[in-house]
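**Q** Structure below; questions to follow.
The values are calculated or read from the model by the stated rules, or taken from the named source; none is laboratory data. This one's a predicted model, so the numbers in the text were calculated from it and none came from an experiment. Neighbour counts run over all protein chains shown; Cβ positions are idealised from the backbone, glycine included. Ligands, DNA and RNA are stripped out before the accessible areas are found, and what is left, the full protein with its side chains, is counted by its heavy atoms. Shrake-Rupley method; radii C 1.70, N 1.55, O 1.52, S 1.80 Å.
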Amino acid sequence: MLYQLPKHPEAKDKLVDDVRKRGIAFPLTDGLRSLVATKSGNDATLQRTLAEADRRRSNPVVASLPPTAEGLELLERTRKATLGAAETMPDYLVKQQIARSHAYGQSKNWAVYDRLSIAVSYRQSAGEDYKLLSINGLPATQDQSYGMKLGGTTSTGEYVTALSDLFKPESRAEFNMVDTDTLRGRRTIIYEYEVKKQFSHQILGWGEGGSLRQQTIAGYRGRIWVDRENNRVLRLEEISTEIDPGFPITAANTLIDYEWVAINEKEHLLPSRAVVQLTSRDRGQTEETRNEILFRGYHKFGAEVKIIDIDEKDFPPDKPEDEPKKPEAPPALKPAPPKKP
């Protein structure tokens, strides 16, 4: 299956799914890692899946899933902790560094077309607010903003909205405990989830010439990595579903990693990086876009300050290691099972 990937890249999802279901009965050597990277185009999802399978092979007891009742209890504690944290989140300011790439067709030949610096403020009373600071290192002009007028792919809601919407009762999310993993040294349980379109608040928008022309609500499904000790989500993968036929955006997926950051001398779990990927088809042309986002310089946002007054000097200098690196591949989940009549 691995050797078929160069000619049939669409077979990767099945390979990932088979490895997750069946595991592996051989050690994951450096030579095999190199071969996987070569044949898969250095696909991070496949590499991570193999690493997870190798961990389960070498230590099946530690890697085994807990009893169903324990898994349900962990999920409920996580729901309460996530919604509780959203209600007590302080007002804060953070800078996003975004590298935006695109590729035509399904070539995956990504080309970076710009790099953005965005200031984002969050207030309990008003939610998230965005200000474009620079494009390709040049200060943004007064008439430039982060949104539809900017063109290209933009996204919002990576901070509090994504997780709180998933766990709110009105979303009626269905969860299924499927795997274990060790993420940044933390033991986690992986749950697959699904939110039907009729209960979703996920909005996809499409525009031209700086104006919003169409928008739709989509369902979504994916996976969350839950810290077994802290009852918090350390990673969220999300794939849009039930997109209206004929809508220009035909696929959308997001990966968000969360880490603990100090704001006003208290620790809060907030995004550290994200990858947002869209596929669109317009006038017979298919295009994929990918935004690689780093979140840097979290600090308290004063009540008297307005986002419009923020500029680069309000954040610590960027470090060389803060430059966006090649991201993990977007989530590759098994296809949704066909609906029975």
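**Q** Which sequence of 183, 83 reflects their accessible areas, 1.4 Å probe, from the largest down?
**A** 83, 183
**Q** Here is a further query. Between residue 313 and residue 206, what length comes free when the chain is fully extended (0.36 nm per residue of separation minus the Cα-Cα distance, one decimal in nm)?
**A** 35.2 nm
**Q** Stretch residue 187-residue 265 to full length: gain in nm at 0.36 nm per residue minus the Cα-Cα span?
**A** Details: separation 78, 0.36 × 78 = 28.08 nm, distance 2.58 nm.
Additional length available on full extension: 25.5 nm.
**Q** Under 18 Å Cα-Cα from residue 7, which aspartates and glutamates qualify once same-chain neighbours fewer than 8 residues away are excluded?
**A** Correct list for residue 7: 43.
**Q** Hey, another quick one. At 1.4 Å probe size, with no ligands or nucleic acids counted, give the accessible surface of residue 260 in Å², nearest ten.
**A** 110
**Q** May I ask you to order 150-160, 121-131, 301-311 by the average number of other C-beta atoms within 10 Å around their residues, highest value first?
**A** Working: 150-160: 18.0, 121-131: 14.9, 301-311: 12.9.
Peptide ranking by packing, descending: 150-160, 121-131, 301-311.
**Q** Still on this structure, I have one more. Given a 10 angstrom Cα cut-off, can you work out which residue in 85, 99, 218 is the most mobile in a GNM of the chain?
**A** Highest fluctuation of the listed residues: 85.
**Q** Give the long-range amide H neighbours of residue 140: residues separated by 5 or more places, or on another chain, with amide H under 5 Å away, using H modelled in the peptide plane at 1.01 Å from N.
**A** Amide H neighbours of residue 140, under 5 Å, 5+ apart: 134, 135.
**Q** For the chain, what is the relative contact order in percent, using Cα pairs closer than 8 Å and at least 6 residues apart in sequence?
**A** Numbers: 641 pairs, mean separation 60.3, N = 341.
The value is 18 percent.
**Q** Now a separate question. I'd like the projected area of the range 159-267, averaged over all directions, using the convex hull of its alpha carbons. Report it in nm² with one decimal.
**A** 9.0
**Q** Ordered by residue, what ³J(HN,Hα) values in Hz, to whole numbers, does the range 235-240 give under the Karplus form 6.51 cos²θ - 1.76 cosθ + 1.60, where θ = phi - 60° and Gly and Pro are x?
**A** So the Karplus estimates, Gly and Pro as x, are 8, 10, 10, 9, 10, 5 Hz.
**Q** Calculate the FRET efficiency for residue 251 and residue 143 from the Cβ-Cβ distance with a Förster distance of 35 Å, rounded to the nearest 0.05.
**A** Efficiency at R0 = 35 Å is approximately 0.65.
**Q** Further question: Which one, 253, 65, 130, projects farthest toward the positive side of the charge dipole computed for the chain from Cβ point charges (K/R +1, D/E -1)?
**A** Of 253, 65, 130, it is 65.
**Q** I would also like to ask the following. Take the cross-link list 80/149; 80/313; 39/197; 80/131; 149/266; 168/300 and give me the ones stretching past 28 Å between alpha-carbons.
**A** Details: 80/149 38 Å; 80/313 37 Å; 39/197 36 Å; 80/131 32 Å; 149/266 37 Å; 168/300 26 Å.
From 80/149; 80/313; 39/197; 80/131; 149/266; 168/300, over 28 Å: 80/149; 80/313; 39/197; 80/131; 149/266.
**Q** Can you list the HN-Hα couplings for the range 119-131, worked out from phi with the Karplus curve (6.51, -1.76, 1.60; θ = phi - 60°), rounded to whole Hz and with x for Gly and Pro?
**A** Once rounded to whole Hz, the list reads 9, 10, 10, 10, 10, 4, 7, 10, x, 8, 9, 10, 9.
**Q** Calculate the dipole size of the range 185-288 relative to its Cα centre from +1 charges on Lys and Arg beta carbons and -1 charges on Asp and Glu beta carbons; express the result in debye to the nearest 20.
**A** 180
**Q** Here's another thing I want to ask about it. Taking the Cα centroid of the range 176-238 and of the range 65-112, what is the distance between the two, rounded to the nearest whole Å?
**A** For the range 176-238 versus the range 65-112, the Cα centre distance is 6 Å.
**Q** Turning to a different aspect of this structure: Please compute the length gained on full extension between residue 10 and residue 283, using 0.36 nm multiplied by the number of residues separating them and subtracting their Cα-Cα distance.
**A** Details: separation 273, 0.36 × 273 = 98.28 nm, distance 2.36 nm.
Between residue 10 and residue 283, full extension yields 95.9 nm more.
**Q** Can you tell me the dipole magnitude for the chain around its Cα centre, using point charges on the Cβ only (Lys, Arg +1; Asp, Glu -1), in Debye to the nearest 20?
**A** 1040
**Q** What does the helix-only formula give at 222 nm for the chain: each DSSP H stretch with n ≥ 4 adding -39500 (n - 2.57), the total divided by the residues, and the result rounded to the nearest 500 deg cm²/dmol?
**A** Only helices count here, giving -6000 deg cm²/dmol.
**Q** Something else: At R0 = 22 Å, how high is the FRET efficiency between residue 73 and residue 174 if r is their beta carbon distance? Nearest 0.05 is fine.
**A** 0.80
**Q** May I pose another question? First measure r as the distance between the Cβ atoms of residue 126 and residue 58, then evaluate 1/(1 + (r/R0)^6) with R0 = 51 Å and state the FRET efficiency to the nearest 0.05.
**A** Working: r = 49 Å, r/R0 = 0.96.
Once rounded, the FRET efficiency stands at 0.55.
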